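Below is one structure, written out as structure tokens, with a few remarks after it.
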Amino acid sequence: MKILITGANGQLGKSIQLLSSLYSKFDFIFTDVDQLDITKLEEVNEFFNLHKPDFCINAAAYTQVDKAEDEVELNNLINITGPKNLAIASHQHHSKLIHISSEYVYNNDSKDIMNEDSPTSPKGVYAQSKLKGEIEVQNETGQYYIIRTSWLYSEFGNNFVKTMLRLGNQLNSIRVVDDQIGSPTYATDLAEAILQIITLNNDKFGLYNYSNEGFISWYDFSVEIFKNRNINCKIIPIPSVDYPTKAPRPFNSRMSKEKISNNLGIEIPKWKSSLEDCLKKIH
Ligand SMILES: NC(=O)c1ccc[n+]([C@@H]2O[C@H](COP(=O)([O-])OP(=O)(O)OC[C@H]3O[C@@H](n4cnc5c(N)ncnc54)[C@H](OP(=O)(O)O)[C@@H]3O)[C@@H](O)[C@H]2O)c1
């Protein structure tokens, strides 16, 4: 099977690249914006025409949540028009589309653990664009898996884990919010889940939540990062009101992963063991 990956230089894209050698039965085509700009329908159509992928994994996105408030047009082009274009081409060429979304789409004011049927009510430009991107995919093709993930981190790019390691080695104390609760997701685990879905190829299309297991706060996460690395920097827990951001952040990012486990048999590692795996790869 031919697997096209967009946004292959991002955290998820690089994690898929790393695992690809274990999936030698697949023919991978890795692209980032220089090879395939997902915002250009003609380019996308030509690419699908030429390569005829069986699956497309859309790991491309605009992910700077605060900057999106100022770069609305660019954000929407990448997060709404991009997935729409991929869905149009996927439908035309009978390819299956795996699109990555975010737990930001949910109504995060709710106190419940969110499953795929829970109400959506995204707040902020990025969050709203992720929901609109999902809707475009659903409108344009039936053969899709949309995976909503949260708190993505990896040994690649910029993310919370790498920021904590940097600050922890520079400062004597840092303040970290303790009233936003969710689950980190190690990008390698998400990449593995995606490749398992393709291997399974069972056509159980639809919306799926995926993150690592266990619910924690950003404060809890930073405590574990420092503990693992013996970093002697004091962490002061603070409420979100003391750490204002341009785009709102959800207080509740807790997702149920029952559907992806039951329908697709995906086994989900616990956040702490995945963090250990990732930290072994960051020097
Ligand atoms: N990061 C998180 O905490 C988080 C949480 C929940 C969900 N997600 C979702 O998870 C997915 C993967 O996130 P990530 O952290 O791996 O993203 P990332 O590291 O920001 O990677 C995105 C990649 O897409 C590329 N890209 C941008 N515009 C493009 C275009 N027009 N055509 C093709 N490629 C383009 C980017 O290139 P440039 O770098 O050159 O722009 C980058 O290489 C995204 O859908 C994101 O919304 C992320």
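The values are calculated or read from the model by the stated rules, or taken from the named source; none is laboratory data. Values in this document were obtained by computation on a predicted structure and should not be read as measured data. With ideal geometry, Cβ positions are generated from the backbone for all residues, glycine too; neighbour counts draw on all protein chains shown. These area figures cover heavy atoms from the full protein model, side chains too; ligands, DNA and RNA do not enter into them. Shrake-Rupley method; radii C 1.70, N 1.55, O 1.52, S 1.80 Å.
Quick notes on this structure:
- Residues in segment 133-175 that are away from the ligand (no atom under 12 Å from the Cβ), surrounded by fewer than 22 Cβ atoms within 10 Å (Cβ to Cβ) and among the hydrophobic types (A, V, I, L, M, F, W, C): ILE135, LEU165, LEU167, LEU171, ILE174.
Condition check ((1) of a type in the set (Lys, Arg); (2) within 18 Å of the chain's Cα centre (by Cα); (3) part of a helix (DSSP H, G or I)) across all residues:
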| residue | (1), (2), (3) |
| --- | --- |
| CYS56 | no, yes, no |
| ALA68 | no, yes, yes |
| ASN75 | no, yes, yes |
| ILE78 | no, yes, yes |
| PRO83 | no, yes, yes |
| LEU86 | no, yes, yes |
| ALA89 | no, no, yes |
| LEU97 | no, yes, no |
| ASN108 | no, yes, no |
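- When residues of segment 46-61 are limited to those that are within 12 Å of the ligand (Cβ to nearest atom) and aliphatic (A, V, I, L, M), the one least open to solvent (accessible area, probe 1.4 Å): ILE57
- Residues of segment 152-179 that are touching a Ser or Thr at 6+ places or on another chain (Cβ under 6 Å) and either under 27 Å from ASN232 (Cβ atoms) or of a type in the set (D, E, K, R) (or both): SER154, MET164, VAL176, VAL177, ASP178, ASP179.
- The test for being in contact with a helix residue (DSSP H, G or I) (Cβ under 9 Å, 6 or more places away or on another chain), surrounded by fewer than 19 Cβ atoms within 10 Å (Cβ to Cβ) and touching a residue at least 40 places away in the same chain (Cβ under 8 Å) does not hold for LEU190.
- One residue stands out among those in segment 74-128 that are without any contact (Cβ under 8 Å) to a residue 40 or more places away in the chain and open to solvent by less than 40 Å² (accessible area, probe 1.4 Å): the one that is nearest to SER256 (Cα to Cα), which is SER118.
- Within segment 34-45, the residues that satisfy the criterion of being within 10 Å of the ligand (Cβ to nearest atom) and surrounded by 15 or more Cβ atoms within 10 Å (Cβ to Cβ) are LEU36, ASP37, ILE38, THR39, LYS40, GLU43, VAL44.
- Residues of segment 202-215 satisfying the condition of being farther than 16 Å from ALA87 by Cβ and surrounded by fewer than 21 Cβ atoms within 10 Å (Cβ to Cβ): ASN202, ASP203, LYS204, GLU213, GLY214, PHE215
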